[in-house]
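First comes the structure, then the notes that go with it.
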Amino acid sequence: MILYRLSNIQKVYPGRTVLDISSLEIEAGKVYALLGPNGAGKTTLLNILAFLDAPSCGEMSFRSRKVRFTEAVLQQLRKKVVMVDQHPIMFTTSVYKNVEFGLKIRGVPKIDRERLVAESLDLVGMRRFISAPAHRLSGGETQRVALARALALSPEVFLCDEPTSGIDAENRQVVVDILRQINREKQISLIFTTHDRAQANSLTRRILSLEGGSLRAAAYENVFTGLIETRSDSTRCFRVRNGLRIKLTKSQAGPQGGRSRIVIDPAGLKLMPRTGNRQPADAISGRVVSAAFENDHVRVVVDAGVSLTAYLPQAEYRDKRILVGDAVDLLALPESIHFL
Amino acid sequence: MDLLLDSLVSAFLLVISLDPEMFAIVGVSLKVSFGSTLIASLIGIPAGFAVSFNEFSGKRIVVTILNTLLALPTVVIGLMVYAFISRRGIFGIFDLLYTQKAIIIGQVILIVPVVTVFTLAAISRIDERYRKTAATLGANRRQTAWVVFREARFGIMAAVIAAYGRVISEVGISMMLGGNIKGFTRTMTTAMALEYDKGAFTLAVALGMILLGLSFGMNLLFHYLQGRTRV
């Protein structure tokens, strides 16, 4: 079943369009990751999906019913979806009263409220903090209580804005596990934003990439801003801020000079182990910093002054015998480079 | 130096002797100050909240006017209210001049801008995420407003205490509209002014000590409540 259907949704502020989505469908009961850099429009989209903000124009339907963006309608819809902020804030009272807040508003009887608060805090492993002052919790604890506060309401949709930003590794894993559990056991639709491709992949294969307010087919990886330079032999190259140069072919579409933005498809980035001191012409040299298995492929992150991600079949990865820490050369296939 | 020391010692003895005249003056002061602070709070807190919480055209002008009213001199308020409540004024028939009610009216005019502006500032400082969190948890506009109000409660309490401090220490309105009538409209500040004119410092210094003690007590109470309420 389609949960959200968006059509020509735009959010415009004076002088700039921060969100421009021509078409988007989100299925019920599934997990979606909104991936994109800062300013890509992730939070704006999440606010609209959470019925906290109205778009400037366009149409949206929720469970096949057209959404009218009036305060009364939005307020009713907000009782079905809950959003957890990137940096959640706790009301200046106890953890119990924070988690109880939404239930009280919905008129849930006191005895049920007590049970639901305890269950939600159990789920996030924060039951022992039930009487603690909520505004004095650490970042990770606050994030977990914020999840409990939202979960207590048994929403149809759970929206999380950067759920693991600003918390330590231990709490990050706990939060990811909770999100996975919510979707699996309670069948709650989950939509979350992230910068972290690996985190998105660990939770879902439904990844929506946002760039400049619009949905992009290309995954949000290997996106660079830089200058196009023309060499003396009239070939072009793309110079990234730290001096890294990516060769462009003559037939390559796109601007002939000036500042631009490119994306390199990770599948089109060829990875070669360094043999001796010889470096192939136009290759980018770097060192492998991580390798993660994803189904039948491996996602390899290379530090080449900037972070570059290559996506290659497992068999190829094994054949090349590349390990984390190894020096490698990368070659970007012309068809893998796209201008944004 | 001797004069100050002698006055302080005599004043201290007057305070501990529980002088009835002095305590009558303190009683009048407390009564009118609490009265005017209560009325001003009932007007100023909702007004400050409404201006801060809502977006409307002309908001900046309203805030500018309120800030300007903060500097309203007590003698100007005294004159204005006098014009209305004196025998020849339009409210002359109520016979308010030289009563405690007249002082309260003047003091309310003095501190409504104080309570309003400080409440407005307290609400404006509240993190926008409180509204957003309340809204996403299903709160309607009224419930969201209550959340914001609750988070701003210490700022609002500070606004009320600041207003109370302003009225208990003012002299112009009490003198012009109260008339400094012994046992009826004589407040601590008007009594201090009178005693100073007479060259009798003992009661003036004693009242000054009580005035400072009251301000200190109010601040202590505020910090105690703040400490207790913050879980």
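The values are calculated or read from the model by the stated rules, or taken from the named source; none is laboratory data. Only a predicted model underlies this, so the values are computations on that prediction, with no experimental measurement involved. Counting neighbours? That spans all protein chains shown, and the Cβs are built from the backbone with ideal geometry, glycine included. Note: areas computed on protein heavy atoms with side chains; ligands, DNA, RNA excluded. Shrake-Rupley method; radii C 1.70, N 1.55, O 1.52, S 1.80 Å.
Quick test of your reading of the structure: A:Gly102 fulfils all but one of (1) within 21 Å of A:Ala50 (Cβ to Cβ); (2) more than 10 Å from chain B (Cβ to nearest Cβ); (3) at pLDDT 95 or above. Name the failing condition by number.
Result: A:Gly102 fails condition (2) only.
I'd like to know if the range A:261-274 contains one or more residues that are small (Gly, Ala, Ser) and surrounded by 10 or more Cβ atoms within 10 Å (Cβ to Cβ).
Yes, the conditions are met somewhere in the range A:261-274.
Of the residues A:Gln143, A:Gln181, only one is open to solvent by less than 10 Å² (accessible area, probe 1.4 Å) and either assigned by TED's automatic domain parsing to the domain that holds A:Val84 or modelled with pLDDT of 95 or more (or both); which?
Within the list A:Gln143, A:Gln181, the selection yields A:Gln143.
Here are some residues: A:Ala50, A:Ala28, A:Ala33, A:Ala40. Which one is crowded, with 20+ Cβ neighbours inside 10 Å, farther than 30 Å from A:Phe129 by Cβ and in contact (Cβ under 8 Å) with a residue 60 or more places away in the chain?
So the residue among A:Ala50, A:Ala28, A:Ala33, A:Ala40 that is crowded, with 20+ Cβ neighbours inside 10 Å, farther than 30 Å from A:Phe129 by Cβ and in contact (Cβ under 8 Å) with a residue 60 or more places away in the chain is A:Ala40.
Among the residues of the range A:67-99 satisfying the criterion of being more than 8 Å from chain B (Cβ to nearest Cβ) and among the hydroxyl-bearing types (Ser, Thr, Tyr), which is farthest from A:Ala146 (Cα to Cα)?
In this case the residue turns out to be A:Thr70.
Looking only at residues that are at pLDDT below 85 and open to solvent by 60 Å² or more (accessible area, probe 1.4 Å) in the range A:146-168, which one is farthest from the other protein chains (Cβ to nearest Cβ)?
The residue in question is A:Asp168.
Taking the residues in the range B:30-49 that are open to solvent by less than 20 Å² (accessible area, probe 1.4 Å) and among the hydrophobic types (A, V, I, L, M, F, W, C) as candidates, determine which candidate is farthest from B:Thr190 (Cα to Cα).
Per the criteria, the residue is B:Ala40.
Would you confirm, using the coordinates I've provided, whether B:Ser52 is surrounded by 13 or more Cβ atoms within 10 Å (Cβ to Cβ) and under 24 Å from B:Ala206 (Cα atoms)?
No, not satisfied.
Mind listing whichever residues of the range A:275-288 are over 17 Å from A:Leu333 (Cβ atoms), open to solvent by 80 Å² or more (accessible area, probe 1.4 Å) and among the aliphatic types (A, V, I, L, M)?
none
Do we have any residue at all in the range B:170-186 that's buried (at least 18 other Cβ atoms within 10 Å of the Cβ), within 30 Å of B:Ala134 (Cβ to Cβ) and out of contact with any Lys or Arg (no Cβ under 7 Å at 6 or more places or on another chain)?
Among the residues of the range B:170-186, not one is buried (at least 18 other Cβ atoms within 10 Å of the Cβ), within 30 Å of B:Ala134 (Cβ to Cβ) and out of contact with any Lys or Arg (no Cβ under 7 Å at 6 or more places or on another chain), which makes the answer no.
Can you say whether B:Arg142 is within 12 Å of chain A (Cβ to nearest Cβ), within 30 Å of A:Ala50 (Cβ to Cβ) and surrounded by fewer than 18 Cβ atoms within 10 Å (Cβ to Cβ), as far as the supplied structure shows?
yes
For the range A:206-249, which positions are crowded, with 16+ Cβ neighbours inside 10 Å and part of a loop (DSSP other than H, G, I, E, B)?
Once the filter is applied, which keeps residues that are crowded, with 16+ Cβ neighbours inside 10 Å and part of a loop (DSSP other than H, G, I, E, B), the range A:206-249 yields A:Gly212, A:Gly213, A:Ala218, A:Ala219, A:Tyr220, A:Glu221, A:Asn222, A:Leu244.
Does the range A:123-140 include one or more residues that are at pLDDT below 95, more than 9 Å from chain B (Cβ to nearest Cβ), part of a helix (DSSP H, G or I) and open to solvent by less than 20 Å² (accessible area, probe 1.4 Å)?
The answer is yes; a qualifying residue exists.
Results for (1) open to solvent by 20 Å² or more (accessible area, probe 1.4 Å); (2) closer than 19 Å to A:Ile21 by Cβ; (3) in contact with a Ser or Thr (Cβ under 9 Å, 6 or more places away or on another chain); (4) without any contact (Cβ under 8 Å) to a residue 60 or more places away in the chain, shown as yes or no for each residue.
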| residue | (1), (2), (3), (4) |
| --- | --- |
| A:Glu170 | yes, no, no, yes |
| A:Val175 | no, no, yes, yes |
| A:Glu185 | yes, no, no, yes |
| A:Thr194 | no, yes, yes, no |
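Applying the selection to the range A:36-83, what residues are under 17 Å from A:Val18 (Cβ atoms), hydrophobic (A, V, I, L, M, F, W, C) and not in a loop (DSSP other than H, G, I, E, B)?
Correct list: A:Leu45, A:Leu46, A:Ile48, A:Leu49, A:Cys57, A:Met60.
For B:Ile111, which of the numbered conditions (1) under 30 Å from A:Arg106 (Cα atoms); (2) away from every other protein chain (no Cβ under 14 Å); (3) modelled with pLDDT of 95 or more fails to hold?
The failed condition is (1).
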